[in-house]
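**Student:** What follows is a single structure, and I will ask about it in a moment.
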Amino acid sequence: MEALEQNPEIISIDRRDIDRRDAAISNIEVERRQRDRRKKVSVPLALYIKQKVEQYFTQLNGHDPVGLHTLVISEVERPLLEAALEFSGHNQTKAAKALGLSRSTLRKKMEQYRIG
């Protein structure tokens, strides 16, 4: 212990080695997670939503759900609108067409969700 206190450079070298090791572990972990994601089978959106709603019911612990339709629609609709707008380069006419909505309906929904 005395040798470490007398020579602080040893500690800083050790810390750098630890930082490098942690960075290497982090990179390995990131690569492993990416491989795992690629292996996963895609789940249809309808099945995924059904599973999540069932999970929601389980988490209620006997309480009655309230406003579930509004909750689910708002959670799905906002990212759907955002994705369509990004895909169309923020061209509202093209986004509305892709969504099967009129441009005025898209604009109303954009206002509703405060999408700029």
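The values are calculated or read from the model by the stated rules, or taken from the named source; none is laboratory data. Keep in mind that what you see is a predicted model, and the values were worked out from it rather than measured. Here the Cβ is made from the backbone with ideal geometry for all residues, glycine too, and neighbour counts use every protein chain on show.
**Student:** List every residue pair whose Cβ atoms sit under 9 Å apart, with the two residues 6 or more apart in sequence or on different chains, where the first one lies in the range 98-116 and is closer than 14 Å to Leu85 by Cβ and the second, anywhere, is assigned to a loop (DSSP other than H, G, I, E, B) and hydrophobic (A, V, I, L, M, F, W, C).
**Tutor:** Lys109/Leu101; Lys109/Ile115
**Student:** Being under 16 Å from Glu111 (Cβ atoms) and touching a Lys or Arg at 6+ places or on another chain (Cβ under 9 Å) is the filter here, so list the residues in the range 86-95 that pass it.
**Tutor:** Hits for the range 86-95 are Gln92, Ala95.
**Student:** Conditions: (1) modelled with pLDDT of 90 or more; (2) surrounded by 10 or more Cβ atoms within 10 Å (Cβ to Cβ); (3) of a type in the set (Ser, Thr, Tyr). Thr58 meets all but one. Number of the miss?
**Tutor:** Checking Thr58 against (1) modelled with pLDDT of 90 or more; (2) surrounded by 10 or more Cβ atoms within 10 Å (Cβ to Cβ); (3) of a type in the set (Ser, Thr, Tyr), the one that fails is (2).
**Student:** Moving on to the next point. On the given criteria, is Ser104 surrounded by 11 or more Cβ atoms within 10 Å (Cβ to Cβ) and small (Gly, Ala, Ser)?
**Tutor:** When the stated conditions are applied, Ser104 does not pass them.
**Student:** Looking at the range 33-81, which of its residues are of a type in the set (A, V, I, L, M), closer than 27 Å to Gln112 by Cβ and in a helix (DSSP H, G or I)?
**Tutor:** Leu45, Ala46, Ile49, Val53, Leu68, Leu71, Val72, Ile73, Val76, Leu80, Leu81
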